[in-house]
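Below: the structure, in structure tokens.
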Amino acid sequence: MSLDKRVKDALERSSLIVDPDVRRDLSTVRQKTRRAVIRHRIAVTLVAATLAVGVVFFGPGVLDVIRSQRHVPANPPSVSNGPLPGSYRVDLTGAGGPVAASSVDGAWSVTFNGDGSIVWNPPPGSGLIESLPRDTYQVSGTTFSTNLFARSLCQGAGIGTYGWVRSGGTLTLDATRDDCAVRRAILTSTPWQAT
Amino acid sequence: MITDAHRLDRRQDGPCPHADVVLGAWVTSTDAEYDLLFSVEFPAVMRTVYLMLHDLEWAEDVTQDAFVQLLRHWKKVARYDRPGAWVRRVAIRLAVEALRRERLRSLLEREAEPAIWPQPADVDVIRAIRELPGMQRAAIVLFYFEDRPLAEISDILGCAEPTARVHLHRARKRLADLLGEEVSEDVS
């Protein structure tokens, strides 16, 4: 007898032992199905209940965290302003406007001394000469007032008031009030570099 | 609706040829229709599962589980052309999975003697089949007992046809070794 026939015969004869009680099995299957459906519903209910409890107990806290994160204002950038006294230079070569009109374009240097006096050196060939007594400045809070060039470029214009930001080796000036256009242009058109 | 079940055309010389005639007209989903399908298909499916597991209680339990799945999905499966093929495939896959779990637990070591044979059976063949892994057992039962071609075997086992061919080839070779027989030619 070939292998194929032996296997086929053995399986067919062996299968004869199977004679299930279909009615009983059907009843069992229906019971198992009911239990499976109930288990499934219980599981779904438990998950839903767990979610609901989580929302009730932890929802407000989570919302508070979200809201607090949403409404916390960003920290304002801290500006650590350096002191004004020091020596600075700027190159205004090619500058237009009042600087060119007054023929004071070129390399400038200025020193704000700690005693409130100002030493300045105009571009060579500008014809400007610093005279004594020296021009002065006076710090008031975050601004300073100065009579710089009051006896040369800014005769009759009075004093000017400026704010400043010194960051590293750079001094940036901003006119708060100044009627002297050329002084304003010299001081504010380009940041000054510390020397 | 086109489903996998469409591809499971049982051959007319199968163990329960009249069942497909009944199941082919299955279009609604009442309890009575499920009960009718159950009465027709349960014994046939259980025979196949039993030939894989060689344990009556175990086979009955696995077959019941397959029909539980059928009942839970009855509204959908009832619309298939051959819901019987669907539940048969589920049962065979559950049986393969059960064998895999049992093998992992090494419970197959227990020698559940091949029961009480109502007719003289070739016990050596049954013992040899019990030495095979689940997929190979399923391939042997589907090929020899249900007379299914390789295409259907691969479909039921959820693998490619060449893979099913390998399962069957290895199973036959292993059986031949265990039984001291010759494997004449490969299956086609």
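Descriptive notes on the structure:
- Flag for A:L171 being touching an Asp or Glu at 6+ places or on another chain (Cβ under 7 Å), at pLDDT 85 or above, surrounded by 18 or more Cβ atoms within 10 Å (Cβ to Cβ) and not hydroxyl-bearing (S, T, Y): no
- Residue check for B:T3: on the phi < 0 side of the Ramachandran plot and modelled with pLDDT of 95 or more: no
- Any strands (runs of 3 or more DSSP E) falling wholly within segment A:29-140 and containing at least 2 residues that are of a type in the set (A, V, I, L, M): A:107-112, A:117-121
- Helices (runs of 4 or more DSSP H) fully within segment B:129-188 counting 1 or more residues that are within 11 Å of chain A (Cβ to nearest Cβ): B:134-140, B:161-179
- Within segment A:9-27, the presence of a residue that is within 60 Å of the chain's Cα centre (by Cα), free of Cβ contacts under 8 Å to residues at least 24 places away in the same chain, under 30 Å from B:D35 (Cβ atoms) and in a helix (DSSP H, G or I) is excluded.
- Where B:I92 falls short, out of the listed (1) surrounded by fewer than 20 Cβ atoms within 10 Å (Cβ to Cβ); (2) modelled with pLDDT of 90 or more: (1)
- Inclusion of A:D135 among residues that are among the acidic types (D, E), at pLDDT below 90, over 14 Å from A:I186 (Cα atoms) and surrounded by fewer than 12 Cβ atoms within 10 Å (Cβ to Cβ) is not warranted.
- Subset tally (residues that are in contact with a Ser or Thr (Cβ under 9 Å, 6 or more places away or on another chain), of a type in the set (V, I, T), within 17 Å of A:W108 (Cα to Cα) and part of a strand (DSSP E or B)) for segment A:147-195: 1
- Residue selected from segment B:49-76 under the condition touching a residue at least 40 places away in the same chain (Cβ under 8 Å) and part of a helix (DSSP H, G or I), by the criterion nearest to the other protein chains (Cβ to nearest Cβ): B:L51
- Pairs with Cβ under 8 Å, 6+ apart, first in segment B:170-184 and under 13 Å from B:R137 (Cβ atoms), second at pLDDT below 80: B:R172/B:V183; B:R172/B:V187
The values are calculated or read from the model by the stated rules, or taken from the named source; none is laboratory data. The structure displayed is predicted, hence computed values, not measured ones. In this analysis, Cβ positions are derived from the backbone assuming ideal geometry, glycine residues included, and neighbour counts consider all displayed protein chains.
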